[in-house]
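Since the structure comes first, as structure tokens, the remarks are kept for the end.
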Amino acid sequence: MTFNRVEIPAEPEPIVLDLDRTALVIVDMQNAFASPGGMLDLAGIDVGPARDAVSNARLVCDEARGAGVAIIYLTIGWPADGSTAGGPDSPNPRKELALRLMSERPELRGRLLTFGTWDFQIVDALAPQPGDVVIVKPRYSGFHGTDLDSVLRGRGIRNLLMVGIASNVCVESTLRDAYFNEYWPVMIEDATMPAGPAGIQAATVYNVKTFFGWVANSEDVATALRGAPRRAP
């Protein structure tokens, strides 16, 4: 029997989570997606909303740490030689925005989502702490080509609180795969940001709450986590 359960107000209905079996998954909160001068900004996508998304994600992250919830970071990127980005037979270099920009604009080559660069780094406001797990992924979904599933199952985790950028790309891709792998995903809507106009966010929220999981907001999740029983030190 567990006593570490909280109810999260969500759509389409509230969901009860056992926090001992829950992780907060922070998806691609990297300079590339959230900072002026990063990859999305260079591509002409408005990154202004990322400030609120990062702030709301930080609120949830702080409360999750206090409640003893596991924190798992996903980042996307490739080595400078592009060896995991996909070769001539892969559609990835034709569709992934950073790879396209580096191909089309020589001055950007080696600068976008490349290991060791500022663009690849997690934003300072959400910097990982000791004990957090950081997993690098070569494609949109955190489950593709990584040990994410093994890490989660090894810790007995079945419930995923999810924040990140872009909601309609890497967040939704990871969330769908989570659902297919029998996890219970909860997207924290105001701690995410789409790559594109606001209508895209509405479509992602509809898909998640109707077909793949639950949708909540950061204040409700933070309040629920804040009220969870604290373990003795």
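The numbers here are math on the coordinates, done by the rules we state, and not lab data. Everything numeric in this text was worked out from a predicted model, so none of it was measured. Here Cβ is always computed from backbone atoms with ideal geometry, including for glycine, and neighbour counts include all displayed protein chains.
Calculated mean residue ellipticity at 222 nm for the chain: -8500 deg cm²/dmol, from DSSP H runs with n ≥ 4 weighted as -39500 (n - 2.57), summed, divided by the residue count and rounded to 500.
Between amide H atoms placed 1.01 Å from N, distances below 5 Å from A70 occur with T22, L24, all of them 5 or more places distant or on a separate chain. Proximity of backbone amide H atoms, modeled 1.01 Å from N, is registered between I15 and I8, A10 at under 5 Å, excluding neighbours fewer than 5 places apart on the same chain. Got a sec? Which residues in segment 22-65 would a label at R105 touch, if it sits 7 Å along Cα→Cβ and we count backbone N under 12 Å? Only 37-45 fall inside the zone, counting backbone N under 12 Å. With neighbour counts taken as other beta-carbon atoms within 10 Å, the residues C61, C170 rank, fewest first, as C170, C61. With contacts taken as Cα pairs under 8 Å and at least 6 residues apart, segment 17-226 reaches a relative contact order of 28 percent. For T192, the residues whose modelled amide H falls within less than 5 Å of its own, excluding neighbours fewer than 5 places apart on the same chain, are G164. Every Cα-Cα pair in the chain was counted, and those over 28 Å apart are 27% of them.
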